[in-house]
């Protein structure tokens, strides 16, 4: 079955839109360290790590990093960057639905792209439970999500973007019961026209809180940004930070 999330050509076209660039990641990693209180030497698992920017920045700061990504080209690119900088990172080319390492990590992050790209909700639950098993007692899990409340506030049926001479027509549709957002992309680049769809799950704050709670987590905080503001009417993102 075709899965847009593992399509390399789509990610080349959406680079910098669905995931942060490297310069932004430096700032975000500093905020994650401040939020979680994690110290150098701790074990960090970066899941769905994409180009590995978060993994690289944590390794630079003295953390023991495992980076897991399903797309081999991303893993190979991240390996080259780590080798160039002399960084020791464990890279794993695998689907995060298959990964679990009992009580091993101090921090697990899913921040390179919003969580919720699997077709079935059961796969979301499976990943979260695997991450719970993989954390040490007291370990923390941080994930970025597409907030249902934010989507309602910021929803646009159609918009244009121009990034580095590439034009994007973005047409959004909300599925029944606000389950997901389907985006039809039309990309105009070098006189070529490319069209494709992406689909992302929407989570309300209450929904993700309940999922994490029923997976065994406690001390669950919903944040409106990595600056630590609460998830309320002033939120710009939805992050969930949960402790095992």
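The values are calculated or read from the model by the stated rules, or taken from the named source; none is laboratory data. For clarity, every value in this text was computed on a predicted model and none was experimentally measured. When we count neighbours, we look across all protein chains shown, and the Cβ atoms used for this are built from the backbone with ideal geometry, even at glycine.
Hey, among 154, 136, which residue is assigned by TED's automatic domain parsing to the domain that holds residue 219, under 27 Å from residue 53 (Cβ atoms) and more than 19 Å from the chain's Cα centre (by Cα)? Of 154, 136, the one residue that is assigned by TED's automatic domain parsing to the domain that holds residue 219, under 27 Å from residue 53 (Cβ atoms) and more than 19 Å from the chain's Cα centre (by Cα) is 136. What single numbered condition from (1) in a helix (DSSP H, G or I); (2) in contact with a helix residue (DSSP H, G or I) (Cβ under 6 Å, 6 or more places away or on another chain); (3) under 27 Å from residue 12 (Cβ atoms) fails to hold for residue 150? Unmet for residue 150, out of (1) in a helix (DSSP H, G or I); (2) in contact with a helix residue (DSSP H, G or I) (Cβ under 6 Å, 6 or more places away or on another chain); (3) under 27 Å from residue 12 (Cβ atoms): (2). If the condition is being at positive phi and not in a loop (DSSP other than H, G, I, E, B), then region 211-244 contributes only 219. Among the residues of region 211-232, those that are free of Cβ contacts under 8 Å to residues at least 40 places away in the same chain and surrounded by fewer than 13 Cβ atoms within 10 Å (Cβ to Cβ) comprise 213, 214, 218, 219, 232.
Specify which of the listed residues (118, 132) is surrounded by fewer than 23 Cβ atoms within 10 Å (Cβ to Cβ), more than 18 Å from residue 216 (Cα to Cα) and in contact (Cβ under 8 Å) with a residue 24 or more places away in the chain.
118
Give the residues of region 49-72 that are part of a loop (DSSP other than H, G, I, E, B), modelled with pLDDT under 95 and out of contact with any strand residue (DSSP E or B) (no Cβ under 6 Å at 6 or more places or on another chain), sorted by residue number.
Matches in region 49-72: 51, 70, 71.
Residue 177 fulfils the conditions (1) without any contact (Cβ under 8 Å) to a residue 40 or more places away in the chain; (2) in a helix (DSSP H, G or I); (3) surrounded by 12 or more Cβ atoms within 10 Å (Cβ to Cβ) except for a single criterion, (3). Among what's in region 94-129 and is touching a strand residue (DSSP E or B) at 6+ places or on another chain (Cβ under 9 Å) and part of a helix (DSSP H, G or I), pick the residue that is nearest to residue 51 (Cα to Cα). In this case the residue turns out to be 96. Of all residues in region 73-93, none are within 18 Å of residue 137 (Cα to Cα), modelled with pLDDT of 95 or more and touching a strand residue (DSSP E or B) at 6+ places or on another chain (Cβ under 7 Å).
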